[in-house]
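Working notes for the structure below.
The values are calculated or read from the model by the stated rules, or taken from the named source; none is laboratory data. Note that the coordinates shown come from a computational prediction; the quantities given were computed from them, not determined experimentally. Note that we place each Cβ from the backbone using ideal geometry, even for glycine, and neighbour counts take in every protein chain shown.
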Amino acid sequence: MPELTNIEAVTRTLQQEMARNPNIFITGEDVGRRGGVFRATKGLIEEFGDKRVVDSPLSELSIVAVGLGAALYGLRPVVEIQFADFIAPAFNQLVQEAARFRYRTNGDWTCPLLIRTPYGGGIGGGLYHSQSIEATYAHVPGLYVVAPSTPYDIVGMLRYALRVNDPVLFLEHKKTYRLIKGEVPDDDYMIPFVKADVKRVGSDVTVVAYGLMLHETLTAAQELLHEDINVEVIDPRTLHPLDQDTILSSVKKTGKALIVHEDNLTLGLGAEIAALIASEAFEFLDAPVMRVAGPDVPAMPYARTMQDYFMPNAEKIAAAIRKLNAY
């Protein structure tokens, strides 16, 4: 099996899927000759031409609107928002229109629109290139929000996203693009949405984490083995809708739950998962549900020291697990 980085997994899957389905096209800022700011679409315009890999104006509203219209008329648009921070101008098209087409037409119309965007911090991007937007859009019925964190998961979920007939917000953590590598089978496997993955089996504490925080959590879990603390790590992969059964099954086994995300703490995805656990697994809990998340400041600071303060990491996660394990 070849070993790919996260960014290579994106590029290779887009190439394979465009070769498979001539209705797939890509549009976004700099996706053509430049291949995107992170090179996710590198080489695709040379292979498929400028009618299927289309550089857009600097207008996120228009990018999503073009994809929306194309999706409604039978094409398979892949629209790239250069940074997740820039998606706000397209909120109306995504939330008020794309996410509601199936509902408003009683199933007569579907909207197979795929929106890819890099999110998250840790690269010195400051206020406008580091945001985590998942909680805002995970609130929206009719919209899948997914955040695969490994090459294997990216390939399987990107393939699946290009076969789903509803809009998908596909979040790719930018710091993991070249940081994370993994083996990917050559076969055309797919990973259905709403299917979490147990990334590490354990017995003492359940930790739910995704994106870069998944990898920080796995590092913390490995370190805690030296302290005889055995951590189970759940990667939800699909953030909306959640795979409730996998999360609850793990918590019922361990009796203790920690949720980790780098988005702001208040009203983040961790709050919803904590509410789920409190509602459906309360009698199995041996300790309060805990969260590790970014602080409630408007956005990630520019200064490296302040960025490090903002970002959860393996050290902070390990400290929280120790506290929870000792409760």
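If you go through the range 149-164, how many residues are in contact (Cβ under 8 Å) with a residue 60 or more places away in the chain and not hydroxyl-bearing (S, T, Y)? Summing the residues that are in contact (Cβ under 8 Å) with a residue 60 or more places away in the chain and not hydroxyl-bearing (S, T, Y) in the range 149-164 gives 8. Residues in the range 135-156 that are in contact with a Phe, Trp or Tyr (Cβ under 7 Å, 6 or more places away or on another chain) and either of a type in the set (D, E, K, R) or buried (at least 23 other Cβ atoms within 10 Å of the Cβ) (or both): Y144, V145, V146, A147, S149, G156.
The set of residues in the range 201-230 being without any contact (Cβ under 8 Å) to a residue 60 or more places away in the chain, among the hydrophobic types (A, V, I, L, M, F, W, C) and over 20 Å from D243 (Cβ atoms) consists of L225 alone. Annotation note: Cβ proximity below 7 Å between a residue of the range 1-29 that is modelled with pLDDT of 95 or more and a residue that is surrounded by fewer than 17 Cβ atoms within 10 Å (Cβ to Cβ) and part of a helix (DSSP H, G or I) (sequence gap 6+ or interchain) occurs for Q15/E47. Taken as a whole, the condition of being crowded, with 22+ Cβ neighbours inside 10 Å and within 29 Å of N6 (Cα to Cα) does not apply to E272. Among the criteria (1) modelled with pLDDT under 95; (2) touching a Ser or Thr at 6+ places or on another chain (Cβ under 9 Å); (3) among the aliphatic types (A, V, I, L, M), the one V78 does not fulfil is (1).
For R304, state whether it is in contact with a Gly (Cβ under 7 Å, 6 or more places away or on another chain) and loosely packed, with under 12 Cβ neighbours inside 10 Å. When the stated conditions are applied, R304 passes them.
None of V64, V37 is crowded, with 22+ Cβ neighbours inside 10 Å and either under 24 Å from A147 (Cβ atoms) or among the basic types (K, R) (or both) except V64.
Say whether the condition of being under 21 Å from L248 (Cβ atoms), outside the structural domain of V10 (by TED's automatic domain parsing) and among the small types (G, A, S) is met by at least one residue in the range 209-221. Yes: the range 209-221 contains one or more residues that are under 21 Å from L248 (Cβ atoms), outside the structural domain of V10 (by TED's automatic domain parsing) and among the small types (G, A, S).
Anything in the range 275-300 that is more than 22 Å from the chain's Cα centre (by Cα) and either surrounded by fewer than 18 Cβ atoms within 10 Å (Cβ to Cβ) or closer than 16 Å to D85 by Cβ (or both)? List them, or say none. Hits for the range 275-300 are A278, S279, E280, F282, E283, F284, L285, D286, A287, P288. Annotation: of all residues in the range 224-246 being touching a Pro at 6+ places or on another chain (Cβ under 7 Å) and not acidic (D, E), the one that is surrounded by the most Cβ atoms within 10 Å (Cβ to Cβ) is R237.
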